[in-house]
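Working notes, beginning with the structure itself.
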Amino acid sequence: MPDLPDKRTAFIDWYLAVVEAADLTDKRYPVKGLNVWPVYGMAARRNFDRVLVREIEATGSHAVEFPALIPETEFAKEKEHIKGFDAQVYWVTKGGSTDLDTKLVLRPTSETAMYPVFALWVRSHRDLPLNVYQIVNVFRYETKTTRPFLRDREIHFFEEHTCQANEDHATERVRSNRGAFERMAHAFALPYLAIRRPEWDKFPGAYYSIGLDIPLGEARTLQIGTVHHYRENFSRPYGIQYEDADGSQKFVHQTTFGISGRLLGAVVAVHGDQKGVVFPTELAPYEVVVIPIPNAAAGDAPERAAGEIAERLRRHGRRVHLDDGEERPGAKYFRWELGGVPLRLEVGRREAEGRTVSATDRLGRKSSFPLDRLEHEVDQRLGEFDRALRERAAEVFRTSFEVARSITELAGSTRVRLIGWCGDEACGHAIERGIDGALLGTPEDPLPFEVGPVGPCVACAKTDGVRWAVASQPM
Ligand SMILES: [Zn+2]
């Protein structure tokens, strides 16, 4: 297997090579942008989903599933929404050879599938809040170059949709979603910024949108999730009303929270290196791989010890792979480094005789420990590995941003730029032309690093109401 392209100088080539070499995806399916999930990639995806489900359900959300096909009549009810998605939807127009009376949209997102039914489910203030989510595939006809996970036409998608009694409760739900995302990002060891999108870039039909963005080297960023507040923008056209305690009829306020398989691509892109993928423990298809090192003088002692290790760790609840195949150990190390396994355990003659284990984590740190402390030592090393991965990512994150004090400084940016922005749309577009990218918006929280006071708007030099904003080249 040839070396991977250089991650620093040929990032996209490196990314495309690594997701295939590590068997996370098979993009040889004969439709562009639709990829196969092979066994190893599917295992990572199931771990990914498990974290999302755990964290969202901890906030009082429940799983549902709605149909993939949406009638045109429902899809068209919210005008901004249909305008925003019109160019991206797949249509189903025939059943067999018969033209359908009502054309059907293959869901690009599920507002318009769910909300006519929410109108039937929500009757009284006692039905609120309604917090439900689904993990399904959605379809968007991407016209830009497709890339596995980062930009697909069939997307693995988590979407939460909620109905709240009023605007404050909906704002509270947005906050709760952000807390859930913080815990998901912690599990995946991914630092990110929550950024309020400018008016012209919010979700079609939303009151406001918060993008969850990560830097991906040079001036690039990737949106890995979104949280939206809809106010009554959808509940009015879809008639989602309830009777309040005082007998009055009110429209619900709604929120949504979306995360896609892009987040998996982000994990590969942020943590991966020249040897391949680096999975945080929670995502790894195998947390530990155990490799016996055959030795003629040791008989089958290394194999027996490796078998015991794998069995004990499995009983301890770890995802373990015992690689006792015929290949030489070097080839096995290579494969499991490429696949991003956090911890590799080896047992040769010396270890088998001394009842010890040699360990190497995916960041290359070596150690050994007595076999009788196996479970404890493995737990400790995996915890330490995740901490180190988080710190390494945080360091790269901090160095990914650079302040720009003028529009001309934006040209040829090699970092994500922080700029002063007055909030004016014309200034926003001038900034976007300057960086040849997008004004992502204004960070929701104080920046997690020291940047000093904000200067005047880089476009108009006004100082009134100026805030830090983020400009980048989104992927
Ligand atoms: Zn301005």
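Rule-based calculations on the coordinates, nothing more; no lab input. Since the model is a prediction, treat every value here as computed from it, not as a measurement. Reconstructed Cβ throughout: ideal geometry from the backbone, glycine too, with neighbour counts over all protein chains shown.
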_Value in Å of the Kirkwood radius, where segment 51-189 supplies the Cα pairs that are averaged_ = 16.9 Å
_Selection from CYS460, THR98, SER61 lying farthest towards where the dipole of the chain points positive, charges on Cβ_ = CYS460
*Inter-probe distance in nm under a simple model that places probes 7 Å from Cα toward Cβ, at ARG328 and ALA76*: 6.8 nm
*Where does the charge balance sit around GLU232 when Lys and Arg score +1, Asp and Glu -1, over other residues with C-beta under 13 Å from its C-beta?*
+1
_Please list, by residue number, every one of the trypsin sites (Lys or Arg not before Pro) in segment 89-197 that is coil in DSSP and has at most 15 other beta-carbon atoms within 10 Å._
ARG123, LYS144
*If you put +1 on each Lys and Arg Cβ and -1 on each Asp and Glu Cβ, how big is the dipole of the chain around its Cα centre, in Debye rounded to 20?*
560 debye
*How much net charge surrounds GLY325 when only the other residues with a Cβ under 13 Å from the Cβ of GLY325 are counted, with Lys and Arg +1 and Asp and Glu -1?*
-2
*Crossing angle, helix 111-121 versus the chain [Cα axis fit, 0-90 degrees, rounded to tens]*: 70 degrees
_Charges on Cβ only, +1 for Lys and Arg, -1 for Asp and Glu, centred on the Cα centroid of the chain; of VAL290, VAL267, LEU212, which one is farthest towards the dipole's positive end?_
VAL290
*What residues qualify as long-range amide H neighbours of LEU100, i.e. H under 5 Å apart, gap of 5 or more or another chain, H built at 1.01 Å from N?*
LYS94, GLY95
_segment 315-379 - Rg (one decimal) and Dmax (whole number), Cα, Å_ = 12.0, 30
*Give, rounded to the nearest 20 debye, the magnitude of the charge dipole that segment 277-394 has about its Cα centre when Lys and Arg contribute +1 at Cβ and Asp and Glu contribute -1 at Cβ.*
260 debye
*With θ set to phi - 60°, apply the Karplus curve 6.51 cos²θ - 1.76 cosθ + 1.60 along segment 19-27 and write out the HN-Hα couplings as whole Hz, x wherever there is a Gly or Pro.*
5, 7, 4, 7, 6, 7, 8, 10, 9
*asked:* Only four residue types carry charge here, +1 at the Cβ of Lys and Arg and -1 at the Cβ of Asp and Glu. Report the dipole size of segment 3-150 about the Cα centre in Debye, rounded to the nearest 20.
replied: 80 debye
*asked:* Placing +1 on the Cβ of each Lys and Arg and -1 on the Cβ of each Asp and Glu in segment 161-209, which of THR171, PHE188, HIS161 has its Cα farthest towards the positive end of the resulting dipole?
replied: PHE188
_If you fit an axis through the alpha-carbon atoms of helix 262-271 and take the longest principal axis of the Cα set of the chain, what angle between them do you get, 0 to 90°, nearest 10?_
50 degrees
*Report, in whole Å, the centroid distance computed from the Cα atoms of segment 175-204 and segment 284-356.*
39 Å
*asked:* Per residue, how big is the convex hull of segment 1-121 when only Cα atoms are used? Give it in Å³.
replied: 201 Å³
*asked:* Quick query: amide H of ARG220 versus all other amide H atoms, modeled in the peptide plane; which residues come in under 5 Å with a sequence gap of 5 or more or a different chain?
replied: GLN473
*Hey, what D do you get for the chain in µm²/s if you plug the Kirkwood alpha-carbon radius into Stokes-Einstein at 10 °C and 1.306 mPa s?*
65 µm²/s
_Within 10 Å of each candidate Cβ there may be at most 12 other Cβ atoms; applying that plus a DSSP loop requirement, which chymotrypsin sites (Phe, Trp or Tyr not before Pro) in segment 232-316 survive?_
none
*Alpha carbon centroid spacing (whole Å) that separates segment 396-475 from segment 71-97*: 36 Å
*Please work out how many pairs of lysine residues in segment 1-140 are eight or more positions apart (or on different chains) and have Cα atoms closer than 18 angstrom.*
4
*So which trypsin sites (Lys or Arg not before Pro) in segment 308-360 are both in a DSSP loop and have at most 13 other Cβ atoms within 10 Å of their Cβ?*
ARG355
*Apply the Karplus parameterisation 6.51 cos²θ - 1.76 cosθ + 1.60, with θ equal to phi minus 60°, to every residue of segment 229-236 and state each ³J(HN,Hα) to the nearest whole Hz, in sequence, with x for glycine and proline.*
10, 9, 6, 9, 4, 9, 5, 5
*Expressed as an acute angle from 0 to 90° and rounded to the nearest 10, what is the orientation of the C-alpha long axis of helix 425-435 relative to the principal long axis of the chain?*
30 degrees
